[in-house]
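These notes are about the structure you will find just below.
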Amino acid sequence: MLARVVSSGCEFGRGSTWHSGPDARVHLERKLGYLSARGMVASAEDFITMAATRSSMTGEAYTIRCKPNPAQPSAAWMEAELKALRASAPPAAAASAARR
């Protein structure tokens, strides 16, 4: 999922600022590391819900903007990307790919 954020060419909205895919990855990896160290992330869905959807500080929802389309909630974009990732991967690889 993190690789998809980087390769998408989309911008990641946090607060009132937009960040590149690589910058978003750094931020989300930090959140994922924190949650993983506490045993709180067991699936890609957990990652989306707990790390990639909203700020843990303010509660404000994250957004993703893939031009020329308007911004959308990051949860919707991530869920669609996860579904596409799983659909394109062989069954054994799908679980592994979801963790990326």
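None of the figures in this text is laboratory data; all of them are computed from the coordinates on show. Note that the structure is a prediction, hence the values are computed from the model and not measured. All Cβ positions, even for glycine, are placed from backbone atoms using ideal geometry, and neighbour counts span all protein chains on display.
Please determine, by comparing only the residues of segment 30-64 that are among the charged types (D, E, K, R) and farther than 19 Å from R86 by Cβ, which one is surrounded by the fewest Cβ atoms within 10 Å (Cβ to Cβ). Full working, then the answer.
Of segment 30-64, the ones among the charged types (D, E, K, R) are 30-31, 38, 45-46, 54, 60.
Remaining after also requiring farther than 19 Å from R86 by Cβ: 30-31, 38, 54, 60.
Numbers: R30: 11, K31: 16, R38: 8, R54: 17, E60: 12.
Among them, the one singled out is R38.
Limited to segment 45-81, what total is found for residues that are hydrophobic (A, V, I, L, M, F, W, C) and within 9 Å of the chain's Cα centre (by Cα)?
Adding up the residues that qualify gives 7.
Out of the residues in segment 1-25 that are under 11 Å from the mean Cα position of the chain (by Cα) and among the hydrophobic types (A, V, I, L, M, F, W, C), state the one that is nearest to Q72 (Cα to Cα).
Per the criteria, the residue is F12.
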